[in-house]
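Structure, as structure tokens:
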Amino acid sequence: MAAPKDLPPALRFLSSLELTIVAMSALMVLVVACTLAQVHLGTFGAVKVYIRSTFVYWSPEGSSWRVPVFPGGALVGSVLLANLLAAHWLGLERSWRKAGMWTIHLGLILLFAGEFVTGAFQVESHLAVEEGQTKSYSEESRRTELVLLDTTDPAHDKVYAVPVELFSRLGDIKDSKLPVTLRVRRFLPNASLEDAAVTDGLATQGVGLGVKAFEAPVVSRDDEADQVTAYVEALDGGRSLGTWLLSNGVSAAQGFSLAGRSYQLAIRPVRHYLPYTLTLSKFHHDVYPGTSIPKNFSSQVRLSDPVKGQERDVLISMNNPLRYQGKTFFQSSFGKNDTLSIFQVIENPGWQLPYLSCMLVTLGLFIHFMTRLRGGMKAL
């Protein structure tokens, strides 16, 4: 191994303590800024802007320009990870005497890697089910999709889904799987829907004939949600089948018939379909005797997975989630006079990495302590 003074300047800088201090200082600034920004952006929005971004951007008032003004958490974390790897490889002695330090550093590297995996691949959704009801999908509360449903078969619907990243762009949506072309004529990230005798004339079918959409500021509070709204026209070849006002704030069915089949259009939360079903048998809301203080929330559910041959009852409580096929179901909330249970559904392929990291750091500290103790006893 080359001595540090013989290293190229770039590699010497990458493994330097000075870079570590600068990166840690930047990370502290981001944490403070993210904490303060939660007042206006909410927890999810602040984390997205400051922690899980490459750069923090500033936009001049009234302009769509975005000017990078500070490195984001993803960039700072990447620099710290590269700095740790370089310092680890170049600065630590390769011997059994340093086995503890090597193990500690490996645990820290896994901790960084776990955050990157979580930020990139974790999916959080919710599954709300009433007693006696069976569900086979969960929904994201912060993302929407434009769906075209073929409702001809009474047994099940055929779903064509378009993510918001695509239908938020004005223009035509064409795909060989779609029976028609969808033309987005207007898109509102958040809207206020009001009854109106005179509408804006865009909608020619459905609720848009008596409802007008007014653009509204995007919400930031964690307990609020945007009413994503769009005016969507369906075209069969060059023939217009109508234009509908669609919104996740509208529950009324809207659609058309074509070639003997029935279709519905809607904007709704993104759904994640499960290859199994959950049926809520009973929800329990226990309180301490003589008080209204919650003692326990739990749900008795029936898990049915014909493919895996699973048919069993499961109790999901606050400290006892259900883990099945890569997803974790947590008892999150309830409603409708204790007849509705809401589960938070987390899919995180890297959920074990933080635990493994802590185990390695603990093991490394133990090895390092025993090595130093052994060395001290030999010197006596």
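The values are calculated or read from the model by the stated rules, or taken from the named source; none is laboratory data. Model, not experiment: these values are computed from the prediction. Neighbour counts run over all protein chains shown; Cβ positions are idealised from the backbone, glycine included. Please note that ligands, DNA and RNA were not included when accessible areas were found on the heavy atoms of the full protein model with its side chains. Shrake-Rupley method; radii C 1.70, N 1.55, O 1.52, S 1.80 Å.
First check a/c for segment 112-166, with a ≥ b ≥ c the square roots of the eigenvalues of its C-alpha gyration tensor; if it is under 1.5, answer rounded, and if not, answer prolate when a/b is larger than b/c or oblate otherwise. Walk me through the intermediate numbers first.
Details: a/c = 3.13, a/b = 1.58, b/c = 1.99.
Since a/c reaches 1.5 but b/c is at least a/b, the shape of segment 112-166 is classed as oblate.
Where the centroid of each part is defined by its Cα atoms, how far is segment 262-316 from segment 103-155 in Å?
Cα centroid of segment 262-316 versus Cα centroid of segment 103-155: 15 Å apart.
³J(HN,Hα) across segment 113-122 via Karplus (A = 6.51, B = -1.76, C = 1.60, θ = phi - 60°), whole Hz, x for Gly/Pro?
Calculated HN-Hα couplings, in order: 4, x, 5, 5, 5, 4, x, 8, 10, 5 Hz.
Please turn the phi angles of segment 128-140 into ³J(HN,Hα) values with the Karplus equation 6.51 cos²θ - 1.76 cosθ + 1.60 (θ = phi - 60°), one per residue in order, whole Hz, x for glycine and proline.
9, 9, 8, 4, x, 8, 10, 10, 10, 7, 10, 10, 8
Taking H placed 1.01 Å from N in the peptide plane, check which residues at least 5 places from G242 or on another chain put their amide H under 5 Å from its amide H.
Correct list: A234.
Just order 368-376, 151-159, 177-185 by mean Cβ neighbour count inside 10 Å, highest at the front, would you? The partial results should precede the final answer.
Values: 368-376: 12.1, 151-159: 10.4, 177-185: 16.0.
Order by mean packing, descending: 177-185, 368-376, 151-159.
Over the chain, with the other protein chains present, what is the accessible area per residue in square angstrom, probe 1.4 angstrom?
Working: 22270 Å² over 380 residues.
Here the residues of the chain average 59 Å² of exposed surface.
Return the Cα extents of segment 168-242 along principal axes one, two and three, sorted largest first, each rounded to a whole Å.
41, 31, 16
Can you list the residues, at least 5 places off or on another chain, whose amide H is less than 5 Å from the amide H of G255, using H built in the peptide plane?
The list, which skips near neighbours in sequence, is L265.
Measure nothing but the geometry: give the 0 to 90° angle between the long axis through the Cα atoms of 353-379 and the longest principal axis through the Cα atoms of the chain, rounded to 10°.
It works out to around 10 degrees.
Using the alpha-carbon atoms, what tilt in degrees (0 to 90, nearest 10) does helix 73-91 show relative to the longest principal axis of the chain?
30 degrees
Report ³J(HN,Hα) in whole Hz for each residue of segment 176-188, in order, from the Karplus equation J = 6.51 cos²θ - 1.76 cosθ + 1.60 where θ = phi - 60°; Gly and Pro get x.
My calculation for segment 176-188 gives 4, 7, 7, x, 9, 8, 9, 10, 7, 8, 7, 10, 10 Hz in order.
Between I109 and Y324, take the C-beta separation as r, use R0 = 45 Å, and let me know the FRET efficiency to the nearest 0.05. The partial results should precede the final answer.
Working: r = 30 Å, r/R0 = 0.66.
For R0 = 45 Å, the calculated efficiency reads 0.90.
So if R0 is 22 Å, what FRET efficiency would V117 and A33 give, r being the distance between their Cβ atoms, rounded to the nearest 0.05?
Numbers: r = 24 Å, r/R0 = 1.10.
Given R0 = 22 Å and the Cβ-Cβ separation, E is 0.35.
Given labels modelled 7 Å from the Cα in the Cβ direction, how far is it in nm from T43 to S16?
3.9 nm
What do you get for Rg/Rh over segment 98-206 if you use C-alpha atoms and the Kirkwood form of Rh? Could you put the intermediate results ahead of the total?
Values: Rg = 22.6 Å, Rh = 19.3 Å.
Ratio value, two decimals: 1.17.
If packing is taken as the average count of other Cβ atoms within 10 Å, what order do 56-62, 289-295 fall into, highest mean first?
Numbers: 56-62: 10.6, 289-295: 8.3.
In descending order of packing, they fall as 56-62, 289-295.
What residues have an amide H closer than 5 Å to that of S262, excluding those fewer than 5 places away on the same chain, when H is modeled at 1.01 Å from N in the peptide plane?
Under 5 Å from the amide H of S262: T151, T152.
Determine one quarter of the surface area of the Cα convex hull of the chain, which equals its mean projected area, and express it in nm² to one decimal.
Working: hull surface 122.5 nm².
If I average the Cα hull's projected area over directions, I get 30.6 nm².
Taking the Cα centre of each part, how many Å lie between segment 43-99 and segment 349-380?
27 Å
Which entries in K158/K327; K135/K177; K135/K336 show an alpha-carbon gap greater than 21 Å?
Numbers: K158/K327 25 Å; K135/K177 26 Å; K135/K336 17 Å.
Checking Cα-Cα distances, K158/K327; K135/K177 exceed 21 Å.
For the pair T152/Y288, report the inter-label distance in nm, with labels modelled 7 Å from Cα in the Cβ direction.
6.1 nm
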